[in-house]
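This report refers to the structure that appears directly beneath it.
The values are calculated or read from the model by the stated rules, or taken from the named source; none is laboratory data. Remember, predicted model here, so these are calculated numbers, not experimental data. Here the Cβ positions follow ideal geometry from the backbone for every residue, glycine too, while neighbour counts run over all protein chains shown.
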Amino acid sequence: MRDDKQWPRLRVGDWADTRDTLHMWLQIVGKIRMAHAPAVNHWWHVTLYPSARGLTTSLVPYRDGGFEIEFDFLDHQLHLRTTDGRSRSVALEPKSVAVFYRQTMAALAELGVATTIHAVPNEVERAIPFAEDEVHDAYDREAAQLFWRQLLRAEEVLGRFRSGFVGKASPVHFFWGAMDLAYTRFSGRIAPPHPGGAPNCPPSVMREGYSHELASFGFWPGGGEEGAFYSYAYVEPAGYAERPVRPQAAYYDRDLRELLLPYEAVAGAKDPDAVLTEFLHSSYEAAADLGGWDRRALDGASTDAAAG
């Protein structure tokens, strides 16, 4: 039997084409959720969630019922299901974004879920309309499944870390814009308007996402040979870039303005969970201490105490 406690190894260079295709497919499904889900602050209503088989929209309300869309990385199918028992599937296999888009929208129409989306990707430099994207067409089944298993391991540690905070905090969820699993803590203070700057993403989107002072943590398939864990603060306090964080492999990337910990430094460690937890705690402390957060009011039980 497979040991799901292992941290899967997947070099970014070995699956870059699949990653970029899957990114576009995830954007299509995420935008479908966004078209129907009630708005929640910081765009929390548009995210996807790791599931027992892949990534899911969770239940999305529609008329007098609802629907769910799930990427199944075990059977390699996109499942579309409604609360009245009907379903459709789209095969996850090598195919262009244009074909996947047509098939997915056709499946929705067959289920009677009338949907219109802004059919152009966000947060990527080259934003090819989905219906015209014949460039991205790769799908490596093993790589997609390994990425999902990376997300499961990251979600478990982030979930335990989340339990040690009593202030306002996000779920652990997957943002399809940047293709990252993320968790965010808030100081409780309003932040100055975000200047924007994400490619093919209106400044208003960034202003809503960063309306309040925060520290964010997550994982994405970039920033290292096997991806990277990250942490950043908005507004970044003075001295944040120079503040030492743990473990030793972590560093501040001045181009991204983020603290990074290469995935391989976690997966290759004797105790990967402990190494990642150390990074999360020390990077939070950097943001909160330098930013003057009221930690007596915000910090709850420690991760170890919560787990016990």
Worksheet item: For the range 89-137, what are the residues that are charged (D, E, K, R) and without any contact (Cβ under 8 Å) to a residue 12 or more places away in the chain?
Response: Arg126
Item to complete: Could you please find all residues in the range 298-308 being modelled with pLDDT under 95, of a type in the set (A, V, I, L, M, F, W, C) and either part of a helix (DSSP H, G or I) or surrounded by 21 or more Cβ atoms within 10 Å (Cβ to Cβ) (or both)?
Response: Ala305, Ala306, Ala307
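Please determine whether any residue of the range 271-286 is charged (D, E, K, R), farther than 22 Å from Leu10 by Cα and modelled with pLDDT of 95 or more.
There is at least one residue in the range 271-286 that is charged (D, E, K, R), farther than 22 Å from Leu10 by Cα and modelled with pLDDT of 95 or more.
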Item to complete: Consider only pairs whose beta carbons are under 6 Å apart and that are at least six residues apart or on different chains; among these, list those whose first residue lies in the range 148-175 and is among the β-branched types (Val, Ile, Thr) and whose second residue is part of a strand (DSSP E or B) and at pLDDT 95 or above.
Response: Val172/Tyr183
Worksheet item: Any chance the range 267-277 includes a residue that's among the acidic types (Asp, Glu) and either farther than 26 Å from Trp293 by Cβ or not assigned by TED's automatic domain parsing to the domain that holds Gly292 (or both)?
Response: yes
Discussion item. Can you find a residue that is in contact with a Gly (Cβ under 8 Å, 6 or more places away or on another chain) and acidic (Asp, Glu) anywhere in the range 95-111?
Written reply: no
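Would you be able to tell me the number of residues in the range 44-58 that are in a helix (DSSP H, G or I) and surrounded by fewer than 17 Cβ atoms within 10 Å (Cβ to Cβ)?
Step one: list which residues in the range 44-58 are in a helix (DSSP H, G or I), which gives 44-46.
Now drop any that are not surrounded by fewer than 17 Cβ atoms within 10 Å (Cβ to Cβ), which leaves 44-45.
Qualifying residue count, the range 44-58: 2.
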Fill in: Inter-residue pairs, beta-carbon under 8 Å, first touching a residue at least 12 places away in the same chain (Cβ under 8 Å) and surrounded by fewer than 18 Cβ atoms within 10 Å (Cβ to Cβ) and in the range 201-226, second charged (D, E, K, R) and assigned to a helix (DSSP H, G or I), 6+ apart
Glu225/Glu264
Worksheet item: Take the residues of the range 227-272 that are at positive phi and assigned to a loop (DSSP other than H, G, I, E, B): which is surrounded by the most Cβ atoms within 10 Å (Cβ to Cβ)?
Response: Arg257
Worksheet item: Going by the structure shown, is Ala109 modelled with pLDDT of 95 or more, touching a Pro at 6+ places or on another chain (Cβ under 7 Å) and either buried (at least 18 other Cβ atoms within 10 Å of the Cβ) or in the same structural domain as His79 (by TED's automatic domain parsing) (or both)?
Response: no
Worksheet item: Condition test on Ser187, is it more than 30 Å from Val266 (Cβ to Cβ), among the small types (Gly, Ala, Ser) and either surrounded by 14 or more Cβ atoms within 10 Å (Cβ to Cβ) or out of contact with any Gly (no Cβ under 6 Å at 6 or more places or on another chain) (or both)?
Response: no
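Of all residues being touching a Lys or Arg at 6+ places or on another chain (Cβ under 6 Å) and in contact (Cβ under 8 Å) with a residue 24 or more places away in the chain in the range 184-200, which is farthest from Phe161 (Cα to Cα)? Just the residue, please.
That would be His194.
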Worksheet entry | Candidates Gly292, Gly300, filtered to the one that is touching a residue at least 12 places away in the same chain (Cβ under 8 Å) and either of a type in the set (Ser, Thr, Tyr) or closer than 19 Å to Gly159 by Cβ (or both) | Gly300
